[in-house]
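Working notes for the structure below.
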Amino acid sequence: MRTWVVVGVLAVLVGLWAGVERGVVWVIRNGRCGESIGCEHEITQPGELLSQWGALNEPGWSRSSILEYERSHIFGFGFEVKEWDYYAIMGPDVFIGLTIADMGYISVIAGSVIPLQGNINGLSFGDTYTAMEIGQSSPKLPTSPHDGISIAYRGGANMSILAWQEQQQTPGSEGPGVPTLKKKISLEWPAYANNLGLSVALEIESPGSKDHPDSTIAVATPFHNGWRHFYYNVKTNCMKPRGRVSLGTSAVFEITPEKHWATLDWGRGLWPYSVQWVWCSASGKATELNDDDKSPVVQHKFGLNFGTGFGDLSTHTENAVFVDGITYKLGELNITYSRNNDWTQPWHVSDKLGNINLVMEPIHPRNSVDSFVVVSMEAHQVLGRWGGTVRLDTGLVLSINYVYGWSEHVKNKW
């Protein structure tokens with residue numbers, strides 16, 4: 001009870017600070033550059049993310065985490081800082097989400113396991129197994145998306161992420177091999193889901209190096225309400241997972257790179273009190289479309305990352321598609337979905353040039369609404385399958401069919 005009283009007091013202080021300094025921020029904007037990406041600023045040189053006064057040195061987007069994040073440069077209260085590492089693994093049979101986060105006034109570990117097919121290990125389609133454990137101290141999250149962490153919570157959850165880079169040799173080839181980024185995720189959580197228990201042993205890999213990662217976009221985004229607030233976000237799609245996830249003693253999901261894909265959402269920032277966003281993500285395979293029906297079928301590794309509504313996007317968006325590891329930046333997109341709380345309806349994404357024409361058909365909606373004093377979190381995440389066509393500026397046209405991913409609309413006051 002004492003912990004929640006402290007959380008409540010801190011939450012009130014958050015609200016007061018937000019109101020006194022700038023007032024509540026509630027801005028929904030997409031890119032201001034229209035469908036063209038010519039005026040979106042790409043960051044190409046390494047440097048520090050923040051000035052000595054805590055302001056963003058260079059708002060914009062980049063193809064890697066080229067800017068160095070240093071928490072000591074933030075100008076604000078500790079409880080305003082938001083940091084997290086979120087890993088999502090998805091395939092035709094299951095969705096798995098794992099989060100380590102420091103919300104400034106509390107630290108949390110959270111996990112979700114959702115079967116997407118019926119009668120798997122005694123589980124039913126759409127059963128949602130989820131849990132969150134609260135810590136009382138900062139987990140000291142890494143300052144780079146390529147670093148690892150080890151943390152134990154009082155409730156018994158123990159999670160570690162080992163990260164390294166190695167030269168991976170392609171079978172039958174000679175030479176030094178291809179640089180590959182790897183992570184090993186281990187989680188033992190006996191009390192998960194009312195003592196059902198969760199055990200995770202996964203290895204995730206992605207071709208590329210820290211300077212030139214595969215299928216990645218990073219954004220350094222300010223907010224409209226003042227120079228202190230910012231959000232530094234790095235998203236990596238199309239990672240290959242391998243291992244095992246055990247729910248209880250009998251339900252075991254074998255994770256393989258042939259069936260599943262992994263995504264990392266790495267975020268660090270100093271946020272305003274009230275924010276909301278839309279985020280769409282998917283990873284899988286796309287088929288090249290040719291005018292010649294006799295041409296052989298060519299498949300490409302494909303991923304997408306779309307977003308809107310979060311911060312001042314006058315210099316950039318986070319919209320991009322990834323094809324064979326290369327990031328293709330997109331301009332403004334039209335993201336439409338049901339505004340009547342019917343989360344079973346399709347999501348549509350398009351652009352004014354006709355290059356993007358995608359639809360996500362929902363498989364399973366997840367809805368979560370929590371409120372405590374002046375802190376509230378409302379999240380609607382819809383798991384689904386993406387389909388449609390994408391035309392790149394190179395002229396390549398791709399057909400997307402049954403690529404697994406999700407879309408979400410989140411509103412937070414914290």
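The values are calculated or read from the model by the stated rules, or taken from the named source; none is laboratory data. In this text the structure is predicted, and so the values were computed from the model without any measurement. Methodologically, a virtual Cβ is constructed for each residue, glycine included, from the backbone with ideal geometry; neighbour enumeration extends over all protein chains shown. Just so you know, the surface numbers come from the protein's heavy atoms only, side chains and all, with ligands and any DNA or RNA stripped out. Shrake-Rupley method; radii C 1.70, N 1.55, O 1.52, S 1.80 Å.
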* To do: Quickly run through segment 201-257 and pick out the residues that are under 20 Å from residue 169 (Cβ atoms), assigned to a strand (DSSP E or B) and of a type in the set (Lys, Arg).
  => 240, 242
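Yes/no per residue for (1) among the aliphatic types (A, V, I, L, M); (2) within 27 Å of residue 133 (Cα to Cα):
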| position | (1), (2) |
| --- | --- |
| 144 | no, yes |
| 158 | no, yes |
| 164 | no, no |
| 177 | no, no |
| 181 | yes, no |
| 187 | yes, yes |
| 197 | no, yes |
* Which numbered condition trips up residue 297, out of (1) open to solvent by 30 Å² or more (accessible area, probe 1.4 Å); (2) in a strand (DSSP E or B)? -> (2)
* Asked: Out of all the residues in segment 100-133, which are open to solvent by less than 60 Å² (accessible area, probe 1.4 Å) and at positive phi?
  -> 104, 126
* Asked: Can residue 332 be described as modelled with pLDDT of 95 or more, surrounded by 14 or more Cβ atoms within 10 Å (Cβ to Cβ), of a type in the set (D, E, K, R) and within 21 Å of residue 308 (Cα to Cα)?
  -> no
* Can you find a residue in segment 315-331 that is of a type outside the set (Val, Ile, Thr), without any contact (Cβ under 8 Å) to a residue 60 or more places away in the chain and out of contact with any helix residue (DSSP H, G or I) (no Cβ under 6 Å at 6 or more places or on another chain)? -> yes
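For every residue, the table says whether it meets (1) without any contact (Cβ under 8 Å) to a residue 60 or more places away in the chain; (2) among the hydroxyl-bearing types (Ser, Thr, Tyr).
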{"residue": "179", "(1), (2)": "yes, no"}
{"residue": "190", "(1), (2)": "yes, no"}
{"residue": "209", "(1), (2)": "yes, yes"}
{"residue": "216", "(1), (2)": "no, yes"}
{"residue": "228", "(1), (2)": "no, no"}
{"residue": "237", "(1), (2)": "no, no"}
{"residue": "241", "(1), (2)": "no, no"}
{"residue": "248", "(1), (2)": "yes, no"}
* Asked: Is it the case that some residue within segment 190-200 is open to solvent by 20 Å² or more (accessible area, probe 1.4 Å) and within 28 Å of residue 282 (Cβ to Cβ)?
  -> yes
* Specify the residue that is most open to solvent (accessible area, probe 1.4 Å); the eligible residues are those in segment 246-258 that are closer than 30 Å to residue 64 by Cβ and more than 20 Å from the chain's Cα centre (by Cα). => 258
* **Residue satisfying condition, being of a type in the set (Asp, Glu) and open to solvent by less than 50 Å² (accessible area, probe 1.4 Å), within set 361, 378, 318** => 318
* Any hit, segment 90-99, residues being aromatic (Phe, Trp, Tyr), in a helix (DSSP H, G or I) and either modelled with pLDDT under 75 or buried (at least 21 other Cβ atoms within 10 Å of the Cβ) (or both) -> no
* Asked: Just for segment 300-320: of the residues that are among the aliphatic types (A, V, I, L, M) and part of a strand (DSSP E or B), which one is nearest to residue 358 (Cα to Cα)?
  -> 304
* Structure fact -> Given the conditions (1) open to solvent by less than 20 Å² (accessible area, probe 1.4 Å); (2) of a type outside the set (Ser, Thr, Tyr); (3) not in a strand (DSSP E or B), every one holds for residue 268 apart from (3)
* Structure fact -> Within segment 58-88, residues being assigned to a helix (DSSP H, G or I) and either open to solvent by 30 Å² or more (accessible area, probe 1.4 Å) or closer than 26 Å to residue 183 by Cβ (or both) number 5
* Condition met for residue 33 (modelled with pLDDT under 90 and either under 19 Å from residue 227 (Cβ atoms) or surrounded by fewer than 16 Cβ atoms within 10 Å (Cβ to Cβ) (or both)) -> no
* Confirm whether residue 148 is closer than 17 Å to residue 186 by Cα, open to solvent by 20 Å² or more (accessible area, probe 1.4 Å), in contact with a Pro (Cβ under 6 Å, 6 or more places away or on another chain) and small (Gly, Ala, Ser). => no
* Is it true that some residue in segment 338-358 is free of Cβ contacts under 8 Å to residues at least 60 places away in the same chain, open to solvent by less than 20 Å² (accessible area, probe 1.4 Å) and aliphatic (A, V, I, L, M)? -> yes
* To do: Out of 338, 250, 281, report the one residue that is closer than 30 Å to residue 143 by Cα and either of a type outside the set (Lys, Arg) or touching a Cys at 6+ places or on another chain (Cβ under 6 Å) (or both).
  => 281
* Structure fact -> Only one of 369, 375, 321, 359 is of a type in the set (Val, Ile, Thr) and either under 21 Å from residue 234 (Cβ atoms) or under 19 Å from the mean Cα position of the chain (by Cα) (or both), namely 321
* Residue tally, condition polar (S, T, N, Q) and open to solvent by 30 Å² or more (accessible area, probe 1.4 Å), over segment 381-414 -> 4
